[in-house]
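Working notes for the structure below.
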Amino acid sequence: MSLSSLFSGVSGLSANQTKMDVIGNNIANANANGFKTSRVNFSDVFSNSLSEATAPTTTSGGTGPQQIGQGVTLGSVIRDFSQGALKQSCRA
C-alpha cells in the first residue's frame with residue numbers, strides 16, 4: 001500500500017465527516033424559525049497526469065487525459081436561501 005492510497009482514504013473520511021456535521025446541523029435546527037439548510041459539494045483532487053488528451057482525427061474521436069486521483073476535498077458548503085413554508089404568527 002502506498003502513501004497516495006492512504007491519503008485518498010483519509011481525505012474521503014475527512015470530507016464525509018464534514019458532510020455528516022452539516023447534516024447533523026440541518027437536523028438539529030429543522031424546526032427553528034428562519035433556519036436555512038446547507039449542503040456540501042465535493043471536489044476531486046488530481047495530482048498526476050499520466051497522459052494528455054489527444055485531438056480527434058479523421059478515424060477516431062480522440063481521447064481524454066488519464067489522471068491519478070489523490071482523493072477528495074471539500075469544495076464548498078452552500079446555504080439554501082429558498083423561501084420556506086409560510087406560518088401564521090398570530091390570530092386576529
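Where a number appears in this text, it was derived from the coordinates with a stated rule and is not lab data. Keep in mind that this is a model prediction, so the values were computed, not measured. Counting neighbours? That spans all protein chains shown, and the Cβs are built from the backbone with ideal geometry, glycine included.
According to the Kirkwood expression over distinct Cα-Cα pairs, how big is the hydrodynamic radius of the chain, in Å? After inverting the mean inverse Cα-Cα distance, the result is 17.2 Å. Computed from the C-beta positions of I68 and N26, the FRET efficiency with R₀ = 22 Å rounds to 0.05. Mind checking which of N33, N41, N16 has the largest fluctuation in a GNM of the chain, springs on alpha carbons under 10 Å? Greatest mean-square fluctuation among the candidates belongs to N33. The ranking of V45, V10 from fewest to most other beta carbons within 10 Å of each one's beta carbon is V10, V45. From Cα pairs below 8 angstrom and at least 6 apart in sequence, can you work out the relative contact order of the chain, rounded to a whole percent? Dividing the mean separation by the residue count of the chain yields 33 percent. Rounded to the nearest 20 debye, the dipole size of the chain about its Cα centre is 620 debye, using +1 on the Cβ of Lys and Arg and -1 on the Cβ of Asp and Glu.
Computed from the alpha carbon atoms alone, the convex hull of the range 1-49 holds 58 Å³ per residue. Between helix 3-28 and the chain there is an angle of about 20 degrees, using the helix long axis and the longest principal axis of the Cα atoms.
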